[in-house]
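Have a look at the structure below before the remarks.
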Amino acid sequence: MPFERVDNRQILEITGTDRESFLQGLVTNDVTKLKDGLVYAALLTPQGKYLADFFLVPQLEAIWIDVASELAPGLMKRLTMYKLRADVAIAPRELPVSRGLGEPPEGAFPDPRHSALGWRAYGIEGGDPVTDWDALRVAHLIPEAVSELKPDDSYILEMGFERLSGVDFKKGCYVGQEVTARMKHKTELRKGLAQVSLTEATKPGTPITAGGKPVGEVLSVAEDKALAYLRYDRAKGDMEAGEAFLFRTDA
């Protein structure tokens, strides 16, 4: 299976003796799981809102963070702010990121979010993508930074992070943990990510209505399917988005 280049990714390298404990107190997932491979996680605001999602990549003397390029400067700034006296150093590293489907080759890691997303590899320059990764995401309800995951706005449980193995409720405290735990244990989610079927071509950002009332917004589109952010109590039966009719296909 060929290595396909992953565009617009940045590697941040975390070194120092406190690197694991430093990240453990900040991110949504359990950093000790690095012994088993990639760890998918996010950094949140103290109010529990999404700032960035990323993969933590295990290395002998470091932890790499594989993050969307446009989120990397803000993530690095926030991690540096939290560093204080911890024995850690944070620096960008120029390293190609590749991915593919099928059996992972030597040195690659299975994508922890969903088996359909294949594997990721680091330090190997891949070729042009031949797989429609957006169609795969839409088919399996996988959010992506900026398209679905909105910095300073999204809540990770509404975006399906528990299903994607991106949050651990037993690991202890991290930034935004109190709000996330309260959403998990004390409330029923009223809004969130959903998969919808479309009757007509529709652009991302198109508002969704039902009976003249606002329901949500179309996000990523792949042919006749899309990811949408919906208010669940109104997302029943047929809905409209521009000239298209749509209905939930994940409920």
Over the Cα atoms of segment 86-142, what radius of gyration and what Dmax do you get, in Å?
13.9, 43
I need the shape label for segment 61-201. Rule: rounded when a/c is under 1.5, else prolate if a/b > b/c, else oblate, with a, b, c from the alpha carbon gyration tensor.
oblate
Rolling a 1.4 angstrom probe over the protein heavy atoms, how many square angstrom per residue are accessible across the chain?
50
Calculated FRET efficiency for the pair K186/E106, C-beta based, R₀ 45 Å, to 0.05:
0.50
Each label point is 7 Å from the Cα along the Cα-to-Cβ direction; what then is the distance between the points at K236 and K83, in nm?
5.3
Rounded, prolate or oblate (a/c below 1.5 giving rounded, otherwise prolate when a/b exceeds b/c) for segment 210-251 by Cα gyration tensor:
prolate
Based on the Cβ-Cβ distance from T32 to I124, what FRET efficiency comes out when R0 is 22 Å, to the nearest 0.05?
0.25
Roughly what percent of Cα-Cα pairs across segment 134-251 reach past 20 Å?
42
Of K49/K77; K49/K236; K150/K225; K49/K171; K150/K184, pairs whose Cα-Cα distance is over 23 Å
K49/K236
Across all directions of projection, what mean area in square nanometres is found for the Cα convex hull of segment 3-83?
5.6
Using DSSP, restrict attention to beta bridges with both residues in the chain and report what percent are antiparallel, rounded to the nearest 5.
95
Cα-centre dipole for the chain with unit charges at Cβ (Lys and Arg positive, Asp and Glu negative), debye to 20:
1080
Counting Lys +1, Arg +1, Asp -1, Glu -1, what net charge surrounds G100 among other residues with beta carbon under 9 Å of its beta carbon?
+1
With the charge dipole of the chain built from beta-carbon charges (+1 for Lys and Arg, -1 for Asp and Glu) about the Cα centre, the Cα from P46, A210, F3 projecting farthest to the positive end belongs to P46
Which of the three applies to the chain, rounded, prolate or oblate, going by the alpha-carbon gyration tensor with a ≥ b ≥ c and a/c under 1.5 meaning rounded?
oblate
With every protein chain in place, segment 22-76: carbon and sulfur % of accessible area (1.4 Å):
57
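The values are calculated or read from the model by the stated rules, or taken from the named source; none is laboratory data. Please read these numbers as outputs of a predicted model, since none were measured by experiment. Neighbour counts are summed over all protein chains in view; Cβ atoms, including those assigned to glycine, are modelled from backbone coordinates with ideal geometry. Remember, those area values only see protein heavy atoms, side chains included, never the ligands or the DNA or RNA. Shrake-Rupley method; radii C 1.70, N 1.55, O 1.52, S 1.80 Å.
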